[in-house]
1. Give me His87, His148 ranked fewest to most by other Cβ atoms within 10 Å of their Cβ, as a rough exposure proxy.
2. Suppose the chain between Arg236 and Arg248 were pulled fully straight at 0.36 nm per residue; how much longer would it get relative to their current alpha carbon spacing?
3. How many nm is it between the label spots at Glu172 and Glu147, if each spot is 7 Å from the Cα in line with the beta carbon?
4. Along each of the three principal axes of the Cα atoms of segment 8-180, give the extent in whole Å, ordering the values from largest to smallest.
5. Can you tell me the convex hull volume per residue for segment 1-82, based on C-alpha atoms, in Å³ to the nearest whole number?
6. Which order do Ile206, Ile41 fall in if you start with the one that has the fewest other Cβ atoms within 10 Å?
7. Compute the label zone of Arg189 within segment 203-242: residues whose backbone N is under 14 Å from the point 7 Å along Cα-to-Cβ.
8. Any chance you could get the radius of gyration and Dmax over the Cα atoms of the chain, in Å?
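No lab work stands behind these numbers, since they all come straight from the coordinates. Predicted model, so just to flag it, every value in this text is computed and none were measured. Cβ placement follows ideal geometry from the backbone for every residue including glycine, while neighbour counts extend to all protein chains displayed.
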Amino acid sequence: MPEEAGATWLPNSNFFAGREGHTPRYVVLHGTAGGISAAQIATYFQSTQGSENPVSSHYIVDQQGLVVQCVSEADGAWGNGVLSAGHAAYWQHLGSVNPNNVTISIEHVKASFDNADQLSEAQKSASFQLIEHVCRRHGIPMRAADEHGGIASHASLDPVTRARCPGPYPWEELFAYLQHNSLVPAGWRDDTAKGVLHAPNGYVVIQGFRSYVLSHPWAADNWPLENEHHREQLERSNAALGGGSIQRFRKTTLEWTPRAGLCEQWTGVEMMELERRLDQSVGTINRGTMNQGTINRAPTETPTP
């Protein structure tokens, strides 16, 4: 079943199942450089299964505003290829990670082989809504991409062979739309120019954490208890997660690592582990005190000779 309401499901097997443990942090926009409908492009993707050049994308948006989904958002569609020389600097932090495993790809049907077509109004509207929904589902920053995530063109990954992908796209209109639809909690103030979200208690939320708050229903009284900072080990209950950025709120804890991206901490699991360690430490201290008391206890009366 499609994850986007109203989308048609025309799946194929050209994907990395489970994203090899990674999570989506970017939306990448493409142009089809040929074709007349989303269904036609989806059928083409299906025809490449088992071929020498299997390709796909998560979504296709055609000029009538129809949306087709070809790959689950939980999997990495074979749509971006690899980084080429001259790629945008923010992709460098991926290292050996396949870009397909941290991105959700959206194709836009363009009949011209050079992607020169402008988006139709129906196509633009459907694209804007789809991008917003995808960003909200995964906490992807609703802004131009940087090392923390966001929205990018295919050309940013491969300026050598995909320099005209997606071709003309109304980027300024998209970001204005997303900013207008952001969810600023009541009583908070968002400084869009500086990218800083100010909570009523004086703490601030920045970068990917800001985008997460603005793209999710967020309780107005769920204030941050600290500013974002680095920690060498984010969770005592999950040492494999490693180090990264963390910010605790009254009801939530947000974390970010280069590999896992942004996520909410499993606070219940973490609290149980901390309580277990505390109980263990208290028990050790109590046993030590009892032993020390037994050794050093003075006699209450002088023994009779």
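1. Neighbour counts put them in this order, fewest first: His87, His148.
2. 2.8 nm
3. Placing both labels 7 Å beyond Cα along the Cβ direction yields 3.0 nm.
4. Each principal axis gives a Cα extent; for segment 8-180 these are 42, 37, 31 Å.
5. Values: hull volume 8.7 nm³, N = 82.
Cα convex hull per residue, to the nearest whole number: 106 Å³.
6. Ranked by crowding around the Cβ, least crowded first: Ile206, Ile41.
7. Label zone hits: 203-205.
8. My reading of the Cα-based Rg and Dmax gives 25.6, 112 Å.
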